[in-house]
């Protein structure tokens, strides 16, 4: 069984253990199945790796990884509800998301290790989730006007979640020296979000980002262009979404021709390189560094 | 960074010189140049929406 399969199995077992309402439980198990198909469970795997890296006793890696992945899955569902990407009826998804959010924290509280470690870990989870909510609001509030705004927003929205995964693994293992981990984890999160936002352009029909007028890096690049383009027309309200949508191939072609994708990929790569530099400074076994680097590249 | 990318898109011949180290980009750190070279070197494969 792969690490990913072990984490998913543990997630289901936690649901079975703590959820008693049959309909909600069934929905949550289905959501985990769906999540397995769409995700590589990176957050859980990062928590697993960091617990394993710093732990000197006990084997709770899979359980901790599952707890983190449940919290992240809650975040994904909240994101979909807010973006109206997937759900027509929001009541059940909302309950599922709240269930996962609380269940992940309940699972951390249940790890058979010292209360002191768990208290620090749970406090860190709360802090990261608050950061992420701030980032989400900046995102949906369309407050992003510049590259600096965008990077600040994604650091809060996504950097905080990757930091949560890595740091919780370390804290529960008893390592409180988390500054370096927070730094590279945040860089990984920023790079991943830039890549996700690029995917949203490639998968225009599956995401509501363009309709919601979210400004990702390629869009900011097009808005700064000296040439007239469809992106400027759309964001200046000269054309509506329907007129933009029917010209989506042309809009993406304009991005490609002007170098907007290069730009986003370069910024993403800069953050990956920064993360690699920080990982290299870690005083840990080269084997772990190698696994960590493989996970982010 | 946006201006540099626009310049490189208009002058792709500079990429090879960057790789060879025969030209440098003023204002960019070594890490940033490394990222630029990597992305532009892999670009034909990665930027494949129109393939």
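The values are calculated or read from the model by the stated rules, or taken from the named source; none is laboratory data. What you see is a predicted model, and the numbers here were worked out from it, not measured in a lab. For neighbour counting, all protein chains shown are included, and Cβ atoms are generated from backbone atoms with ideal geometry for every residue, glycine included.
The numbered conditions (1) closer than 26 Å to residue A:227 by Cα; (2) at pLDDT 80 or above are all true for residue B:47 except (2).
Residue A:53: touching a residue at least 60 places away in the same chain (Cβ under 8 Å), more than 21 Å from residue A:193 (Cα to Cα) and surrounded by 18 or more Cβ atoms within 10 Å (Cβ to Cβ), yes or no?
Numbers: touching a residue at least 60 places away in the same chain (Cβ under 8 Å): yes; more than 21 Å from residue A:193 (Cα to Cα): yes; surrounded by 18 or more Cβ atoms within 10 Å (Cβ to Cβ): yes.
So residue A:53 passes the test.
Out of curiosity, is residue A:237 on the phi > 0 side of the Ramachandran plot and either free of Cβ contacts under 8 Å to residues at least 40 places away in the same chain or out of contact with any strand residue (DSSP E or B) (no Cβ under 8 Å at 6 or more places or on another chain) (or both)? Criteria met by residue A:237. For the residues A:296, A:279, A:267, the requirement of being at the interface with chain B (Cβ under 8 Å from one of its Cβ atoms), within 27 Å of residue A:46 (Cβ to Cβ), buried (at least 18 other Cβ atoms within 10 Å of the Cβ) and in contact (Cβ under 8 Å) with a residue 40 or more places away in the chain singles out A:267. Summed over the stretch A:121-131, residues that are over 15 Å from residue A:166 (Cα atoms) and touching a helix residue (DSSP H, G or I) at 6+ places or on another chain (Cβ under 8 Å) total 1.
A quick yes/no check of all residues on (1) under 18 Å from residue A:63 (Cα atoms); (2) touching a residue at least 24 places away in the same chain (Cβ under 8 Å); (3) loosely packed, with under 14 Cβ neighbours inside 10 Å:
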{"position": "A:135", "(1), (2), (3)": "no, yes, no"}
{"position": "A:138", "(1), (2), (3)": "no, no, no"}
{"position": "A:147", "(1), (2), (3)": "no, yes, no"}
{"position": "A:167", "(1), (2), (3)": "yes, yes, no"}
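Can you tell me how many residues within the stretch B:18-39 are facing chain A (nearest Cβ under 10 Å) and over 14 Å from residue B:1 (Cα atoms)? Final tally of qualifying residues: 1.
For the stretch A:2-16, the criterion of being under 25 Å from residue A:121 (Cα atoms) and modelled with pLDDT under 90 is met by at least one residue.
Specify which of the listed residues (A:187, A:221, A:288, A:262) is buried (at least 20 other Cβ atoms within 10 Å of the Cβ) and either under 30 Å from residue A:56 (Cβ atoms) or more than 14 Å from chain B (Cβ to nearest Cβ) (or both).
Details: A:221 fails: either under 30 Å from residue A:56 (Cβ atoms) or more than 14 Å from chain B (Cβ to nearest Cβ) (or both); A:288 fails: buried (at least 20 other Cβ atoms within 10 Å of the Cβ); A:262 fails: either under 30 Å from residue A:56 (Cβ atoms) or more than 14 Å from chain B (Cβ to nearest Cβ) (or both).
It is A:187.
Restricting attention to the stretch A:228-240, the residues being out of contact with any helix residue (DSSP H, G or I) (no Cβ under 7 Å at 6 or more places or on another chain) and part of a loop (DSSP other than H, G, I, E, B) number 5.
Within the stretch A:241-259, the set of residues being within 12 Å of chain B (Cβ to nearest Cβ) and in a helix (DSSP H, G or I) comprises A:248, A:249, A:250, A:251, A:252, A:253, A:254, A:255, A:256, A:257, A:258.
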